[in-house]
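Shown next, in structure tokens, is the structure this report addresses.
The values are calculated or read from the model by the stated rules, or taken from the named source; none is laboratory data. What you are looking at is a predicted structure, and each value in this text was computed from that prediction instead of being measured. Every residue, glycine as well, gets a Cβ built from its backbone with ideal geometry; the counts of neighbours run over all protein chains shown.
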Amino acid sequence: MIHVDRLAKSFHDKKRGIVHALEHVSFDVKPREIFGLLGPNGAGKTTCLRLLATILKPTGGTAEVGGADIVKSPEAVRRQIGFLSGDMGIPARLTPREVLTFFGKLNGLEGDRLRRRIDEMVETFEMGEFANTKTDKLSTGMKQKVAIARTVLHDPPILILDEPSSGLDVPTARLIENFMLRAKESGKCILFSTHVMEEAEYLCDRIGVVHQGKLKALGTMAELRELTGKHRLREIFLDLLEIGERAEGART
């Protein structure tokens, strides 16, 4: 459902000149699969997700999401995805129910169908106690629940989630993890980024490690263990970064 072929994004910075935020990255994500992108800050994870969500335009390569080209058919891509960005962008003066109503209508939901979906989201993400409270009064975890509920309200087949558990306590993070597992079992294709190694190891069918804009490794946990000789994902991750940095140093 997601096909990425040598995708690249560069931009000009006044101090640094040309910056290659993403360099010729390729991977696929299938239905009923959770694919995790790992990498340190500035590695290119968010750039990749924003390209696939058609928020940014690539400077090289191509990608298809649900069979639609991200450059040639961005509207067709957007109709098939739920995209959670790092900036939740929750209107402060609205309640969670009002937020879901507004975004549901933007995605073509109306009447009883919209009301049923909102009730389902309130139950799924345990928002009953604050569903009618203005969001500026909510905690970070509560707001993240609203943001994720808004992302999946229209039941898209493809989910692109940028750090969905960021800033969450353990019970709320587990709630989000369980939702992702159920979404996978229902047939959805899920691509997400995270800094939480334990979360990635628990959820992901396959993992891609991005560093300095490049995909350093891709595979199942078993394949990554065989590649590095390490067992825990944290150690695998650090080992791959060290290999990449040694290779960069050798070239320079």
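Values as computed for the structure displayed
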{"read-out": "From the options T47, T95, T101, T54, residue that is crowded, with 20+ Cβ neighbours inside 10 Å and touching a helix residue (DSSP H, G or I) at 6+ places or on another chain (Cβ under 9 Å)", "value": "T54"}
{"read-out": "Any hit, region 37-44, residues being surrounded by 14 or more Cβ atoms within 10 Å (Cβ to Cβ) and either more than 28 Å from E201 (Cα to Cα) or of a type in the set (K, R) (or both)", "value": "no"}
{"read-out": "Any hit, region 209-232, residues being assigned to a helix (DSSP H, G or I) and touching a residue at least 60 places away in the same chain (Cβ under 8 Å)", "value": "no"}
{"read-out": "Cross-chain or 6+ apart pairs with Cβ under 9 Å, region 46-65 first and among the basic types (K, R) and modelled with pLDDT of 95 or more, then part of a loop (DSSP other than H, G, I, E, B) and surrounded by fewer than 19 Cβ atoms within 10 Å (Cβ to Cβ)", "value": "R50/L56; R50/S85; K57/V71"}
{"read-out": "Region 111-153, residues that are in a loop (DSSP other than H, G, I, E, B), over 24 Å from the mean Cα position of the chain (by Cα) and either under 24 Å from R174 (Cα atoms) or modelled with pLDDT under 95 (or both)", "value": "G128, E129, F130, A131, N132, T133"}
{"read-out": "Residue that is closer than 15 Å to G208 by Cα and either among the charged types (D, E, K, R) or outside any loop (DSSP other than H, G, I, E, B) (or both), where the choices are H20, H24, H12", "value": "H24"}
{"read-out": "Residue that is modelled with the lowest pLDDT, among those in region 200-252 that are touching a Ser or Thr at 6+ places or on another chain (Cβ under 6 Å) and charged (D, E, K, R)", "value": "D239"}
{"read-out": "Answer from S193, S166 - the residue that is within 18 Å of G82 (Cα to Cα), polar (S, T, N, Q), within 15 Å of the chain's Cα centre (by Cα) and crowded, with 21+ Cβ neighbours inside 10 Å", "value": "S193"}
